[in-house]
Amino acid sequence: MRTPRNDQLGRTDRAGRRGDHAPERRCVVTGAVAPAEGLVRLALGPDGVIAPDVLGKAPGRGAWIGVPRAELEAAQVKGKLRGGLARALHAKDFAIPDDLGTRIEAQLHRAALDRLGLEARAGTLILGSDRIEEAARRGQVRLLLHARDAGEDGRRKLAQAWRVGTDDEGSGRQGMVLPVDRDALSMALGRDNAVHLALTDARAADRVLAHLSRWQFFTGWFRDAANRGPDADSRDAGTGAASTDSAVSDAF
């Protein structure tokens with residue numbers, strides 16, 4: 001088996017390349033090989049400090065991780081992360097910030113909300129219970145999202161409309177509850193009272209899911225009972241590469 005290079009992707013945004021070949025990279029913590037779009041790049045800065053580069057934009061040498069935050073931080077304490085980075089970067093003189101996990105989580109958070117904002121401006125994202133319900137019943141919704149503080153009744157109503165519109169009643173399909181409240185979503189989208197969101201374009205849903213799945217996997221929010229449907233499993237958690245049709249049928 002070939003060993004994927006631990007370098008930067010050719011595209012600045014790795015999410016949402018539907019049908020394209022997915023480059024593979026090796027996790028420096030576990031040694032496992034996986035599609036790069038489901039991993040997080042770490043870049044060696046000119047100051048010799050390791051920094052997260054979740055969009056793959058930073059120039060220079062980089063390495064990749066594909067583990068949750070708790071596992072990353074344990075590897076950092078034990079020195080396993082340093083050893084893996086030294087081998088991947090062919091360097092020994094570099095510093096790893098103590099709060100690397102916090103920095104990665106913050107970048108994943110920001111990237112996901114920025115992606116939602118871009119989709120809102122592109123017209124592929126709709127807001128409002130009535131509008132989403134109508135689109136869902138027509139089979140136009142590809143991905144359903146809710147603010148953390150969205151009411152349970154509202155979530156159930158829209159999930160039911162989604163199942164009806166996709167002729168999937170009885171499946172348990174439901175929307176994904178994000179780990180941010182309506183105020184954070186409203187700010188990210190530049191809209192008032194953003195509580196329920198829906199993507200109506202398949203490629204847009206892929207792009208958003210790619211960001212959300214990495215954020216979800218790294219932080220562990222997929223273990224939240226609110227995001228577990230009756231058929232939820234670990235197939236899509238952290239991969240960032242699932243097709244829209246299968247990924248949105250579960251809530252990770």
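The values are calculated or read from the model by the stated rules, or taken from the named source; none is laboratory data. Computed from a predicted structure; not experimentally measured. Heads up, the Cβs are rebuilt from the backbone with ideal geometry, glycines too, and the neighbour counts pull from every protein chain shown.
A few notes on this one:
- The number of residues in the range 123-153 that are among the aliphatic types (A, V, I, L, M), in a loop (DSSP other than H, G, I, E, B) and over 10 Å from residue 200 (Cα atoms) comes to 2.
- Within the range 76-96, tally of residues that are within 23 Å of the chain's Cα centre (by Cα) and either more than 25 Å from residue 23 (Cα to Cα) or β-branched (Val, Ile, Thr) (or both): 1
- Some residue of the range 82-93 being among the acidic types (Asp, Glu) and crowded, with 19+ Cβ neighbours inside 10 Å: no
- All positions within the range 93-110 that are in contact with a Lys or Arg (Cβ under 9 Å, 6 or more places away or on another chain) and not acidic (Asp, Glu): 94, 96, 97, 101, 102, 104, 108
- Flag if residue 101 is touching an Asp or Glu at 6+ places or on another chain (Cβ under 8 Å) and either basic (Lys, Arg) or at pLDDT 95 or above (or both): yes
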